[in-house]
1. How many of the residues in region 217-250 are within 13 Å of ligand 1 (Cβ to nearest atom) and in a strand (DSSP E or B)?
2. I need the full set of residues from region 35-60 which are over 14 Å from residue 120 (Cα atoms), assigned to a loop (DSSP other than H, G, I, E, B), without any contact (Cβ under 8 Å) to a residue 40 or more places away in the chain and away from ligand 2 (no atom under 16 Å from the Cβ), in order please.
3. Among 289, 256, which is the only one that is in a loop (DSSP other than H, G, I, E, B), more than 16 Å from ligand 2 (Cβ to nearest atom) and either under 24 Å from residue 7 (Cα atoms) or at pLDDT below 95 (or both)?
4. Which of the following residues is in a loop (DSSP other than H, G, I, E, B), more than 16 Å from ligand 1 (Cβ to nearest atom) and surrounded by fewer than 23 Cβ atoms within 10 Å (Cβ to Cβ): 79, 84?
5. Given (1) surrounded by fewer than 24 Cβ atoms within 10 Å (Cβ to Cβ); (2) away from ligand 2 (no atom under 16 Å from the Cβ); (3) under 17 Å from the mean Cα position of the chain (by Cα); (4) part of a loop (DSSP other than H, G, I, E, B), identify the lone condition not met by residue 63.
6. Listed residues 143, 153, 124; which is closer than 25 Å to residue 210 by Cβ, within 16 Å of ligand 1 (Cβ to nearest atom) and either surrounded by 10 or more Cβ atoms within 10 Å (Cβ to Cβ) or in contact (Cβ under 8 Å) with a residue 60 or more places away in the chain (or both)?
7. Picking from 170, 155, which residue would you name as being farther than 19 Å from residue 126 by Cβ, over 36 Å from the mean Cα position of the chain (by Cα), away from ligand 2 (no atom under 16 Å from the Cβ) and at pLDDT 90 or above?
8. Can you pull out every residue in region 211-226 that is farther than 19 Å from residue 16 by Cα, in contact (Cβ under 8 Å) with a residue 24 or more places away in the chain and touching a strand residue (DSSP E or B) at 6+ places or on another chain (Cβ under 6 Å)?
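The values are calculated or read from the model by the stated rules, or taken from the named source; none is laboratory data. Just so we're clear, the structure is a prediction, and the values are computed from it rather than from any experiment. A quick note on method: Cβ atoms are made from the backbone with ideal geometry, for glycine too, and the neighbour counts reach across all protein chains shown.
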Ligand SMILES: [Zn+2]
Ligand SMILES: [Zn+2]
């Protein structure tokens with residue numbers, strides 16, 4: 001793969017885990033976005049394609065430009081195409097500044113002010129918000145150079161209780177109308193998205209490893225000093241290998257997607273680095289390139 005192709009945010013990578021389809025791109029300093037149409041959501045939005053503009057919910061981890069610049073286009077494209085206003089979530093600490101930026105664009109473009117207050121939502125660690133009827137998002141703190149939050153999508157999976165299973169449809173309907181709980185509910189951590197982060201986030205939140213799909217950054221690879229990662233608030237691939245030896249539960253997800261590789265690496269260097277991960281972890285890793 002040429003670097004021109006590797007470094008083109010207009011060419012997302014298609015991923016599929018079970019029935020879940022994802023279109024994503026992530027190169028450090030350039031752009032990151034992970035679009036999940038089934039969730040009607042995009043995690044980070046450093047670049048906004050037409051496809052991403054059709055997703056209503058935008059969950060920003062932090063406001064570094066490579067993660068947030070697409071929000072301006074997202075708002076404009078949705079307005080232009082007559083879609084409902086989006087919902088943009090981001091760390092509470094960054095909300096007022098993003099509103100200032102969006103207002104500045106309205107002024108520069110001589111547009112009527114939109115109701116941005118109801119579009120842009122600040123989030124704090126520990127809170128949960130609804131994504132759809134059967135999905136909610138839990139917010140947690142992420143360690144990076146600036147304020148950052150991570151997101152876990154929790155699905156309510158329901159199954160008809162055994163005692164109702166052999167009953168005719170009418171009897172089940174009557175039971176529901178009587179107010180009986182006819183389903184067994186189970187919560188599934190379907191996907192966790194961590195944006196830019198040091199390894200500390202996984203140390204602080206090993207429960208992240210319970211998610212079926214886990215997006216993590218690995219900006220730097222063997223050959224680059226881990227001090228560089230520490231200086232800029234990123235994760236080095238060697239740190240993930242060391243964490244797996246120490247706390248395997250933090251990396252227990254069946255599907256781990258590594259992303260946000262530095263622009264200094266080409267595709268063959270990134271693929272070669274995967275081989276340095278220990279067996280037991282390596283097989284579950286997908287590289288977002
Ligand atoms: Zn970044
Ligand atoms: Zn960043």
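1. 2
2. 48, 49, 54, 55
3. Exactly one residue qualifies, and that residue is 289.
4. 84
5. Residue 63 satisfies all of (1) surrounded by fewer than 24 Cβ atoms within 10 Å (Cβ to Cβ); (2) away from ligand 2 (no atom under 16 Å from the Cβ); (3) under 17 Å from the mean Cα position of the chain (by Cα); (4) part of a loop (DSSP other than H, G, I, E, B) except (2).
6. After ruling out the rest, the residue left standing is 143.
7. One residue alone meets the criteria, 170.
8. Once the filter is applied, which keeps residues that are farther than 19 Å from residue 16 by Cα, in contact (Cβ under 8 Å) with a residue 24 or more places away in the chain and touching a strand residue (DSSP E or B) at 6+ places or on another chain (Cβ under 6 Å), region 211-226 yields 218, 220.
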